[in-house]
Amino acid sequence: MDYDWKDTFHYTQRERRGIFILATIFVVLLFIRSYIQTEPPSPTDFSSFKKEIIEFEQQQIAISPTSEDTITTTQLFRFNPNTATKKELVQLGIATKIADRLINYRNKGGTFRKKQDLQKIYGLPEVLFEKLAPYIVIPPNQSVRPKSTKPKKIKKVLRPFRFDPNFVSKQELVAMGLSDKTAQQIVNYRNKGGKFYKKEDFKKIYAINAYQYQQLEPFILIKQTDKYTAKKPPFTPKTYKITKSVKVDVNKATLEDWQQLKGIGPFYAKKIVGFREKLGGFASIEQIGSTYNLPDSVYQNIRIHLIYSPIFRPLSINKISLDSLKKHPFINSRQAQALLNYRANHGPFGNWEAVGKVKVLSTEQLALLKPYLRYE
């Protein structure tokens, strides 16, 4: 039987109908695809999931004690965040690092006045705060915010004596308690032809403020003359002839002993002994020159007759009370409180470097206090 190639392309009516339907479906799909734009899939948002992970980690850090903690079990009890020790904070379930952060906040002057203030401490989880809130107790006297949290600037008290501003020397001005810069301004004013004709003229000096002038004004004595033509003689302190060799122990001498020295009467003797009693003893012979109202010229003439013995009342910094500490001339009430707070939170002071970590004391104050401190 002969093969006819035309039979290969011959379709029945049913086959042709099927091909037509398939072709129609294909064309329709192409048409739909050209008009429908498929949006690319949006990236999955993991922000909420990450936030939950961070909160969970913080909660674990705050609640789970570290290897540094000595207490491994959490106990809830009533506490004041202004006075609680590090051990008590850790026992409440607060991590060591967060407890240190809370104590550092207090040492820098921070105060918790209401329960919500505890949330200021960075890293303290909200879950832990809600757990501790019913146990927080803050006394009423700590819940009232003071009018100003800014520490007041301490005004320097001068040690004036009677002087004529037209002739007083720079050394005498410094002995009164004025700064070297202020004393030099007064001298420069005179060198340029400036004169003081009445007490109020002393206010012309830019560096003399109202508080300083108020202290100096009763001691200003101006010679009643219209013109000052005479040049000021060079400064020569008064010298006193002492008829006999006198030696005075600066930390043992009585009022009568001091009055054996030329230039020291009952007034100056009382000033020196009073200053010594407040200090607990002079730390050096030079310290006597800082006695209030004692002229430098008098001190310079008596110093060769002075002998030194150790101070008689040192400061036991690890035992002393607040009332006793703040009475010392070199420490004010705020600084005394800061020292005792630091001692309560960190334990006894072991040496001078430990005291220096309390930032409320200036370098000058630390140097003045160093001879008086004991660490037993």
Go through (1) surrounded by 16 or more Cβ atoms within 10 Å (Cβ to Cβ); (2) in contact (Cβ under 8 Å) with a residue 24 or more places away in the chain; (3) not aliphatic (A, V, I, L, M) and name the single condition Lys326 misses. (2)
Can you go through Phe235, Phe267 and tell me which one is at pLDDT 90 or above and either part of a loop (DSSP other than H, G, I, E, B) or not small (Gly, Ala, Ser) (or both)? Phe267
Just one of Val298, Val273 is assigned to a helix (DSSP H, G or I) and crowded, with 19+ Cβ neighbours inside 10 Å; which is it? Val298
Only residues that are crowded, with 20+ Cβ neighbours inside 10 Å and assigned to a helix (DSSP H, G or I): list them for the range 158-181, please. Leu173, Ala175
In the set Ser297, Ser324, Ser333, the lone residue that is in the same structural domain as Leu261 (by TED's automatic domain parsing) and among the polar types (S, T, N, Q) is Ser297
Taking the stated definitions as given, is Tyr268 buried (at least 17 other Cβ atoms within 10 Å of the Cβ), out of contact with any strand residue (DSSP E or B) (no Cβ under 9 Å at 6 or more places or on another chain) and either over 20 Å from Ala175 (Cα atoms) or not assigned by TED's automatic domain parsing to the domain that holds Lys327 (or both)? yes
Residue pairs meeting the criteria (Cβ under 8 Å; at least 6 apart or on separate chains; first farther than 14 Å from Gly177 by Cα and of a type in the set (Ser, Thr, Tyr), in the range 204-227; second at pLDDT 85 or above and part of a helix (DSSP H, G or I)): Tyr206/Gln185
Of all the residues that make up the range 301-316, how many are buried (at least 16 other Cβ atoms within 10 Å of the Cβ) and more than 27 Å from Leu366 (Cβ to Cβ)? 2
Subset of the range 345-359, residues exposed (fewer than 15 other Cβ atoms within 10 Å of the Cβ) and under 15 Å from Ser316 (Cα atoms), comes to Gly347, Pro348, Gly350, Asn351, Trp352
Is one or more of the residues making up the range 200-221 in a loop (DSSP other than H, G, I, E, B) and of a type in the set (Lys, Arg)? no
Go through Ala269, Ala283 for me and flag whichever is without any contact (Cβ under 8 Å) to a residue 24 or more places away in the chain and hydrophobic (A, V, I, L, M, F, W, C). Ala269
Boolean, Leu368 is in contact with a helix residue (DSSP H, G or I) (Cβ under 7 Å, 6 or more places away or on another chain) and modelled with pLDDT under 90: no
Taking the range 95-110 and keeping only residues that are over 18 Å from Leu339 (Cβ atoms) and not hydrophobic (A, V, I, L, M, F, W, C), one is left with Thr96, Lys97, Asp100, Arg101
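The values are calculated or read from the model by the stated rules, or taken from the named source; none is laboratory data. Just so we're clear, the structure is a prediction, and the values are computed from it rather than from any experiment. Counting neighbours? That spans all protein chains shown, and the Cβs are built from the backbone with ideal geometry, glycine included.
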